[in-house]
1. Can you work out which of the residues in the stretch B:61-86 that are modelled with pLDDT of 90 or more and touching a Leu at 6+ places or on another chain (Cβ under 7 Å) is farthest from the other protein chains (Cβ to nearest Cβ)?
2. Spot the failing condition for A:L404; the list is (1) crowded, with 18+ Cβ neighbours inside 10 Å; (2) away from chain B (no Cβ under 14 Å), and only one is missed.
3. So which residues in the stretch B:234-245 are touching a residue at least 24 places away in the same chain (Cβ under 8 Å) and either under 17 Å from B:P185 (Cα atoms) or facing chain A (nearest Cβ under 7 Å) (or both)?
4. For the stretch B:526-578, enumerate the residues that are part of a helix (DSSP H, G or I) and in contact (Cβ under 8 Å) with a residue 40 or more places away in the chain.
5. Could you give every pair whose Cβ atoms fall below 6 Å, whose first residue belongs to the stretch A:84-104 and is at positive phi, and whose second residue is surrounded by fewer than 19 Cβ atoms within 10 Å (Cβ to Cβ) and modelled with pLDDT of 90 or more, counting only separations of at least 6 or pairs across chains?
6. Tally time: how many residues in the stretch A:37-50 are assigned to a helix (DSSP H, G or I) and surrounded by fewer than 16 Cβ atoms within 10 Å (Cβ to Cβ)?
7. Given B:T372, B:T333, which one is in contact with a His (Cβ under 7 Å, 6 or more places away or on another chain) and more than 30 Å from B:V263 (Cα to Cα)?
8. Which one of the conditions (1) at pLDDT below 90; (2) more than 7 Å from every other protein chain (Cβ to nearest Cβ) does B:L282 fail to meet, given that it meets all the rest?
Amino acid sequence: MGSTLHHQWKGVAFGVLVGLAWTVARVSVPALVGGAINQAIEPGDKSALVRWTVAIAAAAAMAGLFTGLRRYWAFKVSRRTETELRDRFFAHLQRLPFAYHDQVQTGDLMSRANTDLQQIQFFVVMIPLTISNFVTVVAVTVILFTIDPWLTVLALGSLPFVNVLAKRFSTRLHPQVMTIQQESAQLASVVEETVSGVRVVKGFGSQRVQASRLRAEADDVYNASMAAARVRARYLPALELLPNIGLILVLFYGGHQVIDGSLSLGALVAFNVYIALLIWPLRMLGQIVAGGQRAIASAQRVQAVLATDPTIVDRPGALPLPDVRPPGAVRFDNVRFGYQAGRNVPVLDGLDLTIAPGESVALVGATGTGKSTIARLLPRFYDVDGGAVLLDGVDVRDLSLRELRRGIGLVFEETFLFSDTIANNIAFADLDADDEDIHRAARLAGAHEFIEQLPEGYRTEIGERGFSLSGGQRQRIAIARAILADPRVLILDDATSAVDPTKEHEIRDALGEVMRDRTTIVIAHRPAAIALADRVVLLDGGRIVAEGTHATLLATNDAYREVLAAAERHDHETEAVADVG
Amino acid sequence: MWAEAGVAQEDALDREQARWVMRRAASMLRPYRRQVVLAAVLMTLSTAALLAGPFYVRYGIDHGISAGDTGALNVAVFAYVITAGLNYFVYRAVLVVVSKVGEGFLRDLRVRVFDHLQRLSMPFYDREKAGVLVSRMTSDVDSLAELVQMGLVMLAVNMLLLVLSLIVLAIVSWQLMLVCLIVLPFVVAASIRFQRESNRAYLTIRDRIGHTLSRLQEGISGVRVIQAYGRQDVEVERFVAQSGDLYDAHMRSVRAQAWYLPVVEFAGLGTTALVIGVGGSLVISDVITIGTVAFFVLTLGNLFEPIQQLSQLFNTVQSAGAGLKKLFELLDTPVDVAERPGALDLPEEGPIEVDHVSFSYTGTVAVLQDVTLTIEAGERLALVGPTGAGKSTLAKIVARLYDPTEGSVRFAGVDLRNATQRSLRQRIVVVPQEGFLFNGTIRDNVRIARGDATDDEIDDALRAVGIFERFDSLPDGLGTEVRERGSRLSAGEKQLVSLARAALVDPALLVLDEATSSLDPGTELLVEAAMDRLMEGRTVVVIAHRLSTAERADRVGVVADGRLVELGSHAELLADERHYAALFATWVGGLGHPVRP
């Protein structure tokens, strides 16, 4: 993060220079006005008046030019910083391991990448603006001192309070604004759930209950807004009043001095103009102090993410996948693993499992026996706590991550598709895949038929802003995605659970073809899916308790029958009568 | 601070719409009449006070300093002190009064829109996307809130300031005022152009922020898939491209500011030069006084500042207007299913008669055609049929979530359209397919069904569906917050809460939409047992997705293509060997290779 800011320093420096040029032009105007009054208007010198007028006009042109440049550079630098930080933030998240993402919430990361970066942007934009404002304040003070020190003290004496008040105003207002946002969000969630749950609300006639909840939320928003309004009412009039005190004192004290002849009328007018000139810079200086505190807090939150080391990375000299024929030998060698290292009961406790190249194995077991964990250790989403996982004889920790993951195709239990076309979702593993590859993969996954029926076929946009698919359709696209990657090892983690049972039959046939001569790990509880595998492994308590073919286990193992029975009863009950016809 | 609001071309109001929106808003503000008048008076006073400052300086210079009269100078100073002091309180009052009116207006609007939303019928919700409706209450009201919180006072004060400044300047010296007017048209033209550019830029920025954030969100939620396929580099590249687009949009907006600001700055300072030049020579010719020149130099800010501020507020005002128009349009949407005058309370129980009912959502494609059937009190009827055949619609019409397009539905002889809403919801309860939970505690979620239920009654309802012990054993018991739509509870537990709601109401007729998606085997049994208990002694219409449910019903109705094509017991229909029998056969065939231990 420091480096991002560091590398913007040239831009900041230029912004400051431009700001200083603006200051010079802006500060010279009141001096020129005073000069015009003293040396041209009062003596009645018309030709001098023309010269002074031209000088003021020139200063005006400079001030105009530089105020534009000043803003342009300040924003350019700050937006650049924000953009670079956001890009780095995103890139860094992509490198952080599963274990990290398991702990953090998407919403929290989103708010760091959005709100916190905005706070930082707001602060960075203020740097050059603030420096030139600060110089303006100093320059004006010095100029006024040379004219009349006492009058300067009177004129500017009240202005530091503008700065103090502006800072306090900003600090007080900020939490109120946050409260308004929170209360509005709560109100929005009542609206949102009432609209989404309209069937429940109408079904029970509970409109009145919801209406009173909304009223309560609307009152909260009102109260929070009024609290913020009261903060504004307390500070804004005071901020308006303070500069007037300076103006009044100048008129009073300065006026008497002019009458005495110890001060010129031009200087008096110049004083007035200078005070007006200082109001905004001082207000902004107050805001920047408050904004700076928030920006530091934000920067710490962003930095916390950027400073997290990715624990799962390539070792120095990481190996490519070994070129063996046939490929796809998998071995779990005395593997111990727990999601919270050391704290919890391990999920896998001395697991030994060997899968020959081309073999297909079904992992069966009750929930929490470690089936999915096995699927997640092979692609090295997590590192084992003890023992080793080997692919084609090489410890996965010694392989290049990129190569390793290219070699393994995984269909997760929960399907995640991207807001993109269906074709691009399937071609996720290989951007260069042509239509033929994509269609072939979709056919094998039993997805081709329904995709063709969509309004724009493979070009149909899906996701948030696009077409929404059923759970089964989504799973079939995820399977096609894995097939297209043409991996050495294919892992299907409950990959057909949401597929309509009648369609599952078709997919099973196709999957048989995909699995031929390919190492496959199937995690399933439907007997039909289990039957796809050459060998069945029954897990309990993080270890293998039995293995064999489906038929032998069924005939000989009580525990196996129990697990299947639970799943089967479950399936029997959920088969859709209606949607079959 | 710049370009923070905007309105799309198609949403911008034309003159007539703007007038309509103003009239509606004005009528909604009627209860605040007095405060509005008070605010107007206070704002005028405050603006006048702002202008008075330079005026006193002028008086002090001309009558005090130039004339060497300390008395006149002291008068000017004294008046200035009084005015500034008073303005402190006036300005303070302005901010409070305007906020009271504005925030009160917003609160009324939120409540009214929400109440109206709740009165709208189901067909309305089928037509409109939930997201759009929610955005009425969020972004449209928020754009108004922005105007109320930041803009309203600024708008009024700046307009007053502009007008009053022109008047005062003209009174003090019409010659110098004409000099000031030379640049004004340029500033106004530049402001209009800037307003348009920044509006366009704002819309692009808003759009691209949305895209960037959704890509960010997807990159975070989908990080496991991305890593599984080793696609990090590609995703980062795509994100960088997206955020680069956002940067460009920001820079476009900054460039607009970068030309506009110099124009305003130069206009202001350039006019100072003109005032000094022209005013100075007028002083030399004895037409005006030095005090007048000083007055003009000090007041110039009051002329240019408001134009700049107004040009920025313009976007806020426009988007608030557009938001208000959408809200008023929503309030004007007619309520379809309303209670008739002289509506009757439904009797305790009785048969349901569906009499030649037809229904269509849009008026063109009929979803149901001429359905007639009678369900006796205490009977259990299962509806089966393909997706989209109309079985859900039929169930919803029986519960009067929709009114039939033709024909009628009667409960114990009373047409549902003549029933009071209250008795309707006491006699007939619909349990939807998925247990939908609201934010709040488990107890709150059950109470949704009957706002006046006591805690004991809620406990009993939960006991009736056999889930009381499980929830009661949680650390916070029934007071457990369900969090974000019940993310803390399993699908089965949510379903049980939903059933407990029905138990709380204790209706005569229960309309059940059976879940299609699977639950974990443990809770599945609980849910089934709960449903059985709930159906005991009631008339039940169940949309069946499971064979066992259809088997257990007294009668089965098969709905196909919007018609009731078969009606009879499970055994009778199987014997008939028509739709139901075919459905049953496919189902048995689809089982694959059933394994029985």
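The values are calculated or read from the model by the stated rules, or taken from the named source; none is laboratory data. Just so it is clear, the structure is predicted and the values come from calculations on it, not from any experiment. Ideal geometry is used to build each Cβ from the backbone, glycine not excepted, and the neighbour counts take in all protein chains shown.
1. B:A76
2. Single failed check for A:L404: (2).
3. Of the residues in the stretch B:234-245, the ones touching a residue at least 24 places away in the same chain (Cβ under 8 Å) are B:239, B:242-243, B:245.
Residues satisfying the conditions are B:F239, B:S243.
4. As a first pass, look at the stretch B:526-578 and keep what is part of a helix (DSSP H, G or I): B:526-535, B:547-552, B:570-576.
B:L526, B:A529, B:A530, B:R533, B:L534, B:M535, B:L547, B:T549, B:A550, B:R552 - these are the residues of the stretch B:526-578 that are part of a helix (DSSP H, G or I) and in contact (Cβ under 8 Å) with a residue 40 or more places away in the chain.
5. Hits for this filter: zero, empty list.
6. Residues of the stretch A:37-50 that are assigned to a helix (DSSP H, G or I), as a first pass: A:37-41, A:46-50.
When the remaining residues are screened for being surrounded by fewer than 16 Cβ atoms within 10 Å (Cβ to Cβ), the result is A:46-47, A:50.
Matching residues across the stretch A:37-50 total 3.
7. B:T372
8. (1)
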